[in-house]
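What follows is one structure encoded as structure tokens, with my remarks underneath.
The values are calculated or read from the model by the stated rules, or taken from the named source; none is laboratory data. In this text, all values refer to a predicted model and were calculated from it rather than measured experimentally. Cβ atoms come from the backbone with ideal geometry, glycine included; neighbour counts cover every protein chain shown. For accessibility, only protein heavy atoms count, side chains too; no ligands or nucleic acids. Shrake-Rupley method; radii C 1.70, N 1.55, O 1.52, S 1.80 Å.
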Amino acid sequence: MVDFWCQKWKLPLLLCLTGLLQWDLCSGQIQVQIQEGPLFRVKGYPISISCNVTGFTGPSKRDFEFILKKPNMELNMISTSDPNFAYGIFSDRIRNKEIYVERLSGSSVVLWIKDLQENDAGDLLCGTIHTGGTYFGDYDDEAKLNVIADTLEASYSGSPSQSLSEGDPLQLECQVSSQTFQHTHLSVTWFLHGELDENPRPIITLDKDLTVKPGAGFEDRYRAGLIGMDKVEDTTYRLKMPQVQQSDQGKFFCKAIEWIQDPDRSWTQIAHKTTAACDVEIKRIVAPDADSFSVNLKASKGPLQEGDALDIRCSVNAQNLPGHFFSVTWLKDQQRVAQIGSSGVLTVFDSYKERENAAEMIAVKTSHMDYLLTIRSARTEDHGQYQCEVWQENMNEDGTFKKIQKQISSPETVSITAKESNLAVVMLMKDAVTEGDALHVSCSVSGFKGPLSVSWQHKKDPGASFSDVVSLTHEGVMKDVGARYQSRNVQTFHSPAGNFTLQLGASSISDSGEYKCIVSEWTVQSNGEMKAITQSQQKAITVKSVDSLMVVSLTSRTTKVPIDSPVQLLCRVRGPKVSLALRWMFQPHNSSVQTNILSVSHTGEMEWRADQRNYQLNIQAQPEDTRFTLMVPRASKQQKGQYQCQVDAYQKDVQKAFKHSNLLAVIVHKPDSKMSLFSPTSRLETAVDTDAKLECSVMTTTTNTSRFTITWMFGSQVLLTMDLDAVVKFGPAAGLEMDQRIRLEIRQKQNFQMIIQKVRTSDSGQYQCEVEEWLQDPLGDWYSLKKMSVSTELVVQEKESKLRVQKDNQMLNITNHQAGFTIDCVITSQSSDKSVFEVTWFKVQEQGAVAIFTARHDGILHSEIPDRNLVFGRPLATHYKLTVPQINPTDIGQYYCQVEEWLLTANTWKKFASDKSGELSIYVHTEGDFKKQTDPLGTALGVTIPLICFLVLVIILLLIKDHKKNSELKKKKDCLWAENNPLTPLPEKTCAAEDYSLVQ
């Protein structure tokens, strides 16, 4: 029973332990996170990239390292733990604090690059350093960093300085644009840097989301409409300040910021530009003295009619104005209209309360010195004399105000005339229209009761007079078409709502200028006559040429690529929507001739001048531009050069513009070589007459289609070469004989082996294998990529000598003086069956061994004892013997032979080995002869006289024998040895058993 319950508990216990183990592992899993990419940043600006690590245990402070990964390369940038971590390209920038790591916490850092460079682009890897134990988790993370060009431009083109008085209007403009290929937003801020300002103060900002925000201290004036900013067209940002104050004196400038949205949805500033400044001087209107102040009133100028806006401005001039309290009251004909008290409370009097409630009237304090009363729609009863009454007040301790002194402005009369009619005309039209488009000018008419007629007039230049365009009677009849418009498609329309529209089809540049709309309301008088009440409005319009509006730009992200890589060129055409013709032009590198790649007519016909297989064209019509993309799928070196797109604009088959883009250089370079060589050995030792194999192998190649040229060098001279087609040619180092002994073999695909047959000692030396890698570009041209070499030292050694001569020492006692002795020289072994020998016999004397006879390897015999008859014999090919026929007391001593072995190498005989035999000791016994001699003189004469006779007889016999030999020389010349006539011996069967004597 116990065993049963034990078995039941095993499974739950195992599951519990497994869960605890997994919880422990997961809780300690390392996770590194770098800021999400891809990130686009502008060259020359600072960048910050955050990185943090979670899930670690141990010390709370982790070390980080950043590595920039490029194709086939990883570059160490910076480490928090190792000051020598960075590669050389980053070392100086790190030393100058241009690249550094800011630690936010023990587990979070920020990489800062102050001045971003093009070479900083790549995959940026952030890793945390492993601190020991088992690896578990992700110890690094990477984000792609793209470095783009700075295309943001900001400029101020107005006057560098202005002089204004307090209350005058100020208007400034700056131009801001960007050609960045990525989607970015712009923000523009106007700044004021006053004389007492430590830093410039922002006045107003048009943010990246197109919201307007006033700067600190300018909020009240912005709400009062005294500060504003308008965006005019696409690139102009206008600052408007209707009434400047003394505090506005200083330098005004514009700052543009370019923003991009990162993948984490946050907006990041990537570029900024600041314009030149305009120095604005504000002249102060000074109060007479410190204890008094003055009041000035300004009313709207010009004759006013009912419905016009009426502005009455009161300005208080005093010293130390912010330290005083004022109560301002507007008076009309000595009657109070409205008042702004010292506390800023607005009070409206009498009948003006209803108008204030209806929003027809408003009074505000626009600054410390300005108070504005505005009647938005004036009435005839608003006619009269206006004044400003201003009290200077002090604040009591209980918060109430006490009046001190009063000033009243000079009166100003405002005239408001009643309208005989409520007829009102407002022109509605664009400020500009594009050449060729229809020109529409509209007049919005209101307040009419009777029938209306309209006349349209136009003047081109400001100093010219208006000329008639067309008229429309109150009966709806179009007439009076001007002379310039007789052949034009000109029309005017009248809508039921009372609006009139003038339309000119296909506008031209000459249609620019001012247009006037003259509208008449017709009523029937009591006498039956028609009376017209006329209102007119005029407004300028500009007809812009297609040429002035069209902008052509050529950009690319792939202007520097390896061969066989794709290239994309983007030709952007911005401007009016017209028919476009396109030409792609190309100027090869180191050439001044520009060629046509392809043409696209404005009717859509395409003509290729280059090989269409090498290019592709894509056309996209976007709302803001038209994009022509020329793609080179696989670039070759022949496509290196400058590209340009040329665009023609057409309207109804009439050419209106011809634009060139900028020239864009495309650099097509060789790819980085991956080739590596291998040689099995740097030193090869071999023996003479063997085959030497010198080898070099290509271990890695750049592509699978790489080819190679091979050059084998011997020393500094070319031995042989192999071209791309595997054709082998011999160089000067091979000579006339060596090229018969060397050959080149290709083992597998990338293994090259040079074989030297039957090597000689003269073949010893340094051999160099030079391999050059070649690739074929997409157009079929072969180009050299990289050249490498490996060296092998060849050492050719002579063969090991096997020459052995019999070395037995012998002793010979001779008692018979008439007898002779033989010195044998027996060769027991030889190094080669083609060996020949040179044998020299020596006699050992007190001063050393002296040669007595030589049988040379070329067959010549030579004796060193001319007065002795020595007999040479060669009974066998390896057995040489020398016989001394008659003993002489001087012959006593030791004898031996020296054998030299010769081999034929490169048609030259060379001595290969040498060995000597054992010694033969000769002794002569003369003791018995000495006892018998009683008369030494007689004995000497008895010996000498017969010896002389014997020698004479021998000489006679030798002369006879020599004559006989000369006669038989032709028969036996192959067996005869002569000192001065070397002969080739006959086979051994003919000569081996014969002896030959030499008479000197």
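Listing for the model above:
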{"item": "Ranked order, Lys802, Lys652, Lys531 - accessible area, probe 1.4 Å, largest first", "result": "Lys652, Lys802, Lys531"}
{"item": "Non-local Lys pairs in segment 515-634, i.e. 8 or more apart or on different chains, that have alpha carbons under 29 Å apart", "result": "7"}
{"item": "Burial ranking of peptide ranges 886-893, 917-924 (average Cβ count within 10 Å, highest at the top)", "result": "917-924, 886-893"}
{"item": "Sparse-neighbour loop sites [chymotrypsin sites (Phe, Trp or Tyr not before Pro); segment 325-394; at most 16 other C-beta within 10 Å; DSSP]", "result": "Phe349"}
{"item": "Solvent-accessible surface (1.4 angstrom probe) belonging to Thr908, in square angstrom, nearest 10", "result": "70"}
{"item": "Around Tyr156: net Lys/Arg minus Asp/Glu count, Cβ-Cβ under 14 Å", "result": "+1"}
{"item": "Debye, to nearest 20: dipole size of segment 598-662, +1 on Lys, Arg Cβ, -1 on Asp, Glu Cβ", "result": "340"}
{"item": "Exposure rank, largest accessible area first [Asp262, Asp279; 1.4 Å]", "result": "Asp279, Asp262"}
{"item": "The chain, helix-only ellipticity at 222 nm - DSSP H runs n ≥ 4, -39,500 (n - 2.57), divided by all residues, nearest 500", "result": "-3000 deg cm²/dmol"}
{"item": "Long-range HN-HN contacts of His669 with modeled amide H, under 5 Å", "result": "Val561, Ile563"}
{"item": "Charge-dipole axis of the chain as Lys and Arg at +1 and Asp and Glu at -1 on Cβ define it, positive-most pick from Thr400, Ile30, Trp190", "result": "Ile30"}
{"item": "Solvent exposure ordering (accessible area, 1.4 Å, most first) of Val546, Val551", "result": "Val551, Val546"}
{"item": "Nearest-20 debye value, the chain charge dipole, Cβ charges on Lys, Arg, Asp, Glu", "result": "1820"}
{"item": "Built amide H within the under 5 Å cut-off of Phe293, gap 5+", "result": "none"}
{"item": "For the chain, share of DSSP beta bridges that run antiparallel, in % to the nearest 5", "result": "90"}
{"item": "Farthest toward positive dipole pole in the chain [+1 Lys/Arg, -1 Asp/Glu at C-beta], among Ser536, Cys517, Phe872", "result": "Phe872"}
{"item": "Share of carbon and sulfur in the accessible heavy-atom surface of the chain [1.4 Å probe, %]", "result": "51"}
{"item": "Gly436 long-range amide H proximity, modeled H, under 5 Å", "result": "Ser507, Ser508"}
{"item": "Under the span-like rule (Cα at least 20 Å along the axis, Kyte-Doolittle mean at least 0.5), DSSP H helices of the chain", "result": "2-27, 936-967"}
{"item": "Net charge dipole size for segment 204-358 [Lys, Arg +1 and Asp, Glu -1 on Cβ; Debye, nearest 20]", "result": "220"}
{"item": "Surface accessible to a 1.4 Å probe, Ser105 within the full protein complex, Å²", "result": "50"}
{"item": "Positive-end extreme of charge dipole, segment 550-685 - chosen from Cys645, Leu598, Ser676 (charges on Cβ)", "result": "Ser676"}
